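Below is one structure, written out as structure tokens, with a few remarks after it.
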Amino acid sequence: MRRARQRLITFSVDHPAWVIGVATLISLAFAFQFPQIVIDTDPKHMLPVTSPVRQYNDQVERDFGLHADVIVLGIVNPHGIANPTTLARIVDLTGRIQHLPGVIARDVTSLSTIDDITSVDGDLAVHAALADVPNDEWGCRVLREEWLSNPLFIGRIISGDGVATAIYIPIEPGANGRQIADGIRQLLPSDRAGDQFHLAGDPVARDTFGTEMFQQMGLFSPIAGLVICLMLWFLFRNVALVIANMAVAMISIVWSMGLLIGLGIPVHIMASMSPVFLMAIATDSVHIFNEFAFRFGETGNQRQAIFDTMSAVSRPIAVSDLATAVGFASLATAPIIPVKIFGLVVAFGTLVILLLSFTLVPAILILLRPEHIPVIRQTREETRSLLARLGGVCIRRARTIAIVGGVVLAVAAFGITRIRVNNNMIHWFKPGSAVRTADRVMNEHLGGTSTGYLVVGASADDAMKDPVLLRGIEGLQRELEHDPRVGKTFSVVDYVRRINYVLHGDDPAFDRIPDSADAVGQYLFLFSMSAKPSDLENVVDYPYRTANIFLQLKSWDADVMRAVIARTNAYLSTHPLPNGAVVRPAGIAHFNMIWSDEVLWGMLESFLAGLVLVLILLVAETRSFLWGTLIFLPLLFTIALLYGVVGLIGKDFDMPVAVLSTLSLGLATDFAIHFVARFRARYREDPDLGRALVWTVARPGRGIFLNALLFAAGFAVMVFADLTPYITVGVFMVAIMLLSALLSVVFLPGLIHLFRRTLLKGEVNA
Amino acid sequence: MLRELSPFNRRPCVLVWSIVAAVMILRCPTALSQTAALGLMNQSHLAYYYAGDGGHARVNMILSDGRGRTQTREFWIARRDIADMGDQNYYTYFLKPADVARTALVIHKKAQANDDRWLYVPALDLVKRIAADDRRASFVGSDFTYEDISGRLPSLDKHEAIGPDSALGRAATKVKSTPVNPKTADYAWRVTWVDVDSKLPLREEYYDARGTLQRRFEITKIETIEGIPTATERTMTNLQSGHSTTIRFTDVTYKPDLKAEDFNERLLKNPPAAFTR
């Protein structure tokens, strides 16, 4: 291993042009794969088609003729939507939307397509709620009163105060919600005349997120790269070094993404984040430049300085890159395919970085013109620098530092216990964004933009005509509506009640379920004779064996659906449905809940597996349980602090945070590995503990801090992103870098000093 | 049920249309195919919706959701024509499913106005008038609309013969029909395969504005009953939802034992003796 490394480095120093040429050629070959890129923007594809929740959901949708993806166009007019202009717009927009490609025209639901069941002069009337637009205020008022008197409409198609309405636009499976939303936006009138239009619904949020995620990745990763370049230039004042650093990052990105694309695997949102991660990991080469600058200053011999540098840092670099690769590869144990792919892509990229560190980097270093090589004079640096003084303090105050560390860890542990696992895709957008505003406004006025279903399954045909069962369902609906986040529920019960009421000439005494199953059967039959077949199909199946309760939820929090399920179970335990009828949740809200649970816990499990693997690797590499654990500590500390803070400030532990946990695997061990490796090498040369520690803090410590600062600066720009997960990425990157650098340089010397007897036993002879 | 113009009492009508067509052709050569097509569609309309002067039949209707689940309805249906291409009365008396047995529906179809519909709800022993302003609503929850059952006047569409073809193994003329006023129809255009012999619409395809095929109607069995070619088996398929409805006619007669009063809504709760035997 060591000899192979040595041979590689020697070859690269002897034939730099060859190395650079071959690297360029291979990069070109991978770059040629890029045009075949297939992008998958649907975060839900994290669950395979075969997962039980997807299959059950698909079955429920087929059974009830429902659509998985529904866009909601909200129209709000503070003076009430029942005016000739707005109503004409509703009719016109509905018609135009039905013509958009990808829209399931027959099931577009708006005031102009929804069936209203009313009693007109004693006749039963079933007709579109808005058939003809009245041309005067009076006609509009009549219509408004009629709509508001139909409980089926309130909260669904019109708000209780009459200022908002919605058009529900189901789209075909696979259609892009964002593109259709853009198509709808073009249909909106330029002269709003008091009307506000809002586009909401899962497909809009999901596909907007998917698209913007790619766009922001394309925008912010180059900016981050640029900031890192600028910082590098200020530190080393050498263009070649800057290029070398960026070349390592770019080549690893091109190779790993090229491989992914070349294999024909769609680039999912997860994998699209790999370039950022690789850029982060590639900054490892700063250690080489830092040491090289010292060594060249010492000897003035460029070739010898390269060999000396590489023999000093190649081992920690190899170990830290391997640890990173192992950490990411451990994600392949996750049950979620995009996570597996992401882990393997980053692991591959990390190995590429490792290879380049021993080939491309020395090749570039030998090509540098000596007069341009930055030089750091060591005498001053090592004895009187700020870092050297910091090293001294760390050793003297070792006990205090350890106690502070213990206290901080305890607080962090408390924070971790308060972590709330939740996921809400709408919160991935900033509060002022169009998506989030639309969602908020719609939820203020109507029943809710998030939809869930409760499927009531009986064991016999015609069970749903049994008045006892219908009353049980009605009781459950009323119970669920006690939760303020459940804005509206609606089921076949509501149709039966409505028909009973209307058939009895709007007599409130009959606003209830009739007493005989025959009556229910005839009402539903009557309804099927007059309304659209889909009206009935959506709430009850053909043999009247299963019924579907629609839930409109006012929040996309996975918690809301969890609460609905808990409330349902609690209610049914005291009010069981007759004849063993059972209730099962479904729908997009339920899907989101399961999806986020599975992805979150899947990530968490493989993350823990990654941690264990890294620890094993460290122990094996140092051939010492103590040293391995010591190196592992800063990683553990960093993670504990990050999640402690997440718990303490009450931020949801959601999907982006879960994904970012894996970042720490790749980044937080590096510094400790470098620190300990360099310290042990130094201590073997000069077995004076104090001097060796101060030297390590001052010299490799400088590389560590440079690396951390560079990186933190680069990713700090992400806090300006439009999507909150990116802001989280930025904050996490900065925090991981600074924390792990600080922990490595401040805690490790203290701990080594405290445990010197056990740790350093036999160290000199080793 | 109720089809084919008997050659005797329809002849004057055909004659009139032929003269109209001839005049149109002479006056406006470019209107040739359109006028002839309208004539053909009128014949087809009479053959399919106004056969005999009325009649009745027992109907077995199977609704299928395209995923193996079905619902069956059984009912008697009777028709009485008041004028050819004009008003008609329909009477439907349900036998199955059991919980809707004795439910009855009467429709007074008006050529120039909204239909009148009354329903008898046995559970309430109540006759209720149903305000019906939409003939495009589903007929008893099936894939057929009221309009499919009682007919849409050919004059509401522009017709164009688009060539000979065949359907159900018979020679047919294909006619493309486009609504004059798009708001009166659910389809942007439809294509009808008109049987050259019987003039029955052997097949119809309904397209939406995007050019997507929405629904397909097919006659799958024609029997000659009392000298009148009668489509005794037909299916309407909704290609968008995958649903389909098949109806089969038995006990068809064009010489019904029915009186005008049998179509009176006030007698809806007392079905004609012919249907309760």
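The values are calculated or read from the model by the stated rules, or taken from the named source; none is laboratory data. None of the values given here were measured: they were computed from a predicted structure. For neighbour counting, all protein chains shown are included, and Cβ atoms are generated from backbone atoms with ideal geometry for every residue, glycine included.
One line per residue, one yes/no per condition, for (1) within 37 Å of the chain's Cα centre (by Cα); (2) on the phi > 0 side of the Ramachandran plot; (3) hydrophobic (A, V, I, L, M, F, W, C); (4) surrounded by fewer than 18 Cβ atoms within 10 Å (Cβ to Cβ):
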| residue | (1), (2), (3), (4) |
| --- | --- |
| A:ARG62 | yes, no, no, yes |
| A:VAL72 | yes, no, yes, no |
| A:PRO78 | yes, no, no, yes |
| A:ALA88 | no, no, yes, yes |
| A:GLN98 | yes, no, no, no |
| A:PRO101 | yes, no, no, yes |
| A:THR109 | yes, no, no, no |
| A:ASP116 | no, no, no, no |
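Filtered by the rule that a residue be more than 12 Å from chain B (Cβ to nearest Cβ) and farther than 29 Å from B:SER64 by Cβ, the range A:492-505 gives A:ARG497, A:TYR501.
Restricting attention to the range A:439-465, the residues that are within 14 Å of another protein chain (Cβ to nearest Cβ) and surrounded by 22 or more Cβ atoms within 10 Å (Cβ to Cβ) total 3.
The requirement of being surrounded by fewer than 20 Cβ atoms within 10 Å (Cβ to Cβ), closer than 25 Å to A:TRP147 by Cβ and without any contact (Cβ under 8 Å) to a residue 12 or more places away in the chain is satisfied by A:ASP507. Of the numbered criteria (1) more than 10 Å from chain B (Cβ to nearest Cβ); (2) surrounded by fewer than 19 Cβ atoms within 10 Å (Cβ to Cβ); (3) in contact (Cβ under 8 Å) with a residue 40 or more places away in the chain; (4) over 22 Å from A:ASP439 (Cβ atoms), the one A:ALA563 fails is (4). Of all residues in the range B:217-228, those satisfying the criterion of being surrounded by fewer than 17 Cβ atoms within 10 Å (Cβ to Cβ) and either within 12 Å of chain A (Cβ to nearest Cβ) or closer than 23 Å to B:ARG190 by Cα (or both) are B:THR220, B:LYS221. Evaluating A:VAL486 against the criteria (1) farther than 30 Å from A:ARG54 by Cα; (2) surrounded by 20 or more Cβ atoms within 10 Å (Cβ to Cβ); (3) more than 14 Å from chain B (Cβ to nearest Cβ); (4) aliphatic (A, V, I, L, M) leaves one unmet condition, (1). Please find, within the range A:540-582, the residue that is modelled with the lowest pLDDT out of those that are small (Gly, Ala, Ser) and closer than 16 Å to A:GLN477 by Cα. Per the stated criteria, the residue is A:ALA581. Among the residues of the range A:431-448, is there at least one that is in contact (Cβ under 8 Å) with a residue 40 or more places away in the chain, among the hydrophobic types (A, V, I, L, M, F, W, C), in contact with a Gly (Cβ under 6 Å, 6 or more places away or on another chain) and not assigned by TED's automatic domain parsing to the domain that holds A:GLY160? Checked against the condition, which is being in contact (Cβ under 8 Å) with a residue 40 or more places away in the chain, among the hydrophobic types (A, V, I, L, M, F, W, C), in contact with a Gly (Cβ under 6 Å, 6 or more places away or on another chain) and not assigned by TED's automatic domain parsing to the domain that holds A:GLY160, the range A:431-448 yields at least one hit.
A single member of A:SER744, A:SER740 is on the phi < 0 side of the Ramachandran plot and under 27 Å from the mean Cα position of the chain (by Cα), and it is A:SER740. Please enumerate the residues belonging to the range A:1-50 that are under 25 Å from A:ASN176 (Cα atoms), part of a helix (DSSP H, G or I) and in contact (Cβ under 8 Å) with a residue 40 or more places away in the chain. Passing the criteria: A:PHE34, A:GLN36, A:PRO43, A:LYS44, A:HIS45, A:MET46. The listed residues are A:ASP123, A:ASP92, and the only one of them that is within 24 Å of A:PRO203 (Cβ to Cβ), among the charged types (D, E, K, R), without any contact (Cβ under 8 Å) to a residue 12 or more places away in the chain and within 13 Å of another protein chain (Cβ to nearest Cβ) turns out to be A:ASP92. Pairing each residue of the range B:255-276 that is farther than 17 Å from B:LYS128 by Cβ with any residue that is loosely packed, with under 14 Cβ neighbours inside 10 Å, provided the two are 6+ apart or on different chains, yields C-beta distances under 6 Å for B:ALA274/B:ASP257.
Please tell me if B:TYR187 is surrounded by 16 or more Cβ atoms within 10 Å (Cβ to Cβ), part of a loop (DSSP other than H, G, I, E, B) and of a type outside the set (A, V, I, L, M, F, W, C).
For B:TYR187, the condition - surrounded by 16 or more Cβ atoms within 10 Å (Cβ to Cβ), part of a loop (DSSP other than H, G, I, E, B) and of a type outside the set (A, V, I, L, M, F, W, C) - is met.
A count restricted to the range B:85-133 and to residues that are of a type in the set (S, T, N, Q), crowded, with 22+ Cβ neighbours inside 10 Å and without any contact (Cβ under 8 Å) to a residue 40 or more places away in the chain stands at 1. For the residues A:TRP627, A:TRP601, the requirement of being farther than 21 Å from A:LEU751 by Cβ and either within 24 Å of the chain's Cα centre (by Cα) or touching a residue at least 24 places away in the same chain (Cβ under 8 Å) (or both) singles out A:TRP601. Scanning the range A:483-495 for residues that are in a loop (DSSP other than H, G, I, E, B) and over 31 Å from the mean Cα position of the chain (by Cα) yields a single hit, A:SER491.
For (1) among the hydroxyl-bearing types (Ser, Thr, Tyr); (2) within 14 Å of chain A (Cβ to nearest Cβ); (3) closer than 28 Å to B:TYR93 by Cβ; (4) in a strand (DSSP E or B), each residue gets a yes or a no:
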{"position": "B:LYS199", "(1), (2), (3), (4)": "no, no, no, no"}
{"position": "B:TYR206", "(1), (2), (3), (4)": "yes, yes, no, yes"}
{"position": "B:GLN214", "(1), (2), (3), (4)": "no, yes, no, yes"}
{"position": "B:THR230", "(1), (2), (3), (4)": "yes, no, yes, yes"}
{"position": "B:THR237", "(1), (2), (3), (4)": "yes, yes, yes, yes"}
{"position": "B:ILE247", "(1), (2), (3), (4)": "no, no, yes, yes"}
{"position": "B:LEU258", "(1), (2), (3), (4)": "no, no, yes, no"}
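When the range A:506-522 is filtered for residues that are more than 10 Å from every other protein chain (Cβ to nearest Cβ) and either assigned to a loop (DSSP other than H, G, I, E, B) or under 48 Å from the mean Cα position of the chain (by Cα) (or both), the ones remaining, listed by number, are A:ASP506, A:ASP507, A:ASP511, A:ARG512, A:ILE513. Against the conditions (1) without any contact (Cβ under 8 Å) to a residue 24 or more places away in the chain; (2) crowded, with 18+ Cβ neighbours inside 10 Å; (3) closer than 28 Å to A:ALA332 by Cα, A:VAL254 satisfies every one except (1).
Would the range A:587-604 turn up any residue that is in a helix (DSSP H, G or I), surrounded by fewer than 19 Cβ atoms within 10 Å (Cβ to Cβ) and modelled with pLDDT of 90 or more? Within the range A:587-604 (the criterion being in a helix (DSSP H, G or I), surrounded by fewer than 19 Cβ atoms within 10 Å (Cβ to Cβ) and modelled with pLDDT of 90 or more), the answer is no, since none of the residues qualifies.
Checked against the criteria, A:ASP535 does not count as in contact with a strand residue (DSSP E or B) (Cβ under 8 Å, 6 or more places away or on another chain), at the interface with chain B (Cβ under 9 Å from one of its Cβ atoms), among the charged types (D, E, K, R) and under 22 Å from A:LEU454 (Cβ atoms).
Residue pairs whose Cβ atoms lie under 7 Å apart, separated by 6 or more positions or on different chains, with the first residue in the range A:189-206 and in a loop (DSSP other than H, G, I, E, B) and the second among the β-branched types (Val, Ile, Thr), are A:ALA193/A:THR85; A:ASP195/A:ILE75; A:ASP195/A:THR86; A:GLY201/A:VAL70; A:GLY201/A:ILE71; A:GLY201/A:VAL72; A:GLY201/A:THR449. For the range B:114-159, the set of residues classified as in a loop (DSSP other than H, G, I, E, B) and facing chain A (nearest Cβ under 9 Å) consists of B:PRO122, B:ALA123, B:LEU124, B:ALA132, B:ASP133, B:ASP134, B:ALA137, B:PHE139, B:VAL140, B:GLY141, B:SER142, B:ASP143, listed by residue number.
Criterion first (under 29 Å from B:LEU213 (Cβ atoms) and either acidic (Asp, Glu) or out of contact with any strand residue (DSSP E or B) (no Cβ under 6 Å at 6 or more places or on another chain) (or both)) does A:ARG144 satisfy it? Taking the combined requirement at face value, the residue does not satisfy it.
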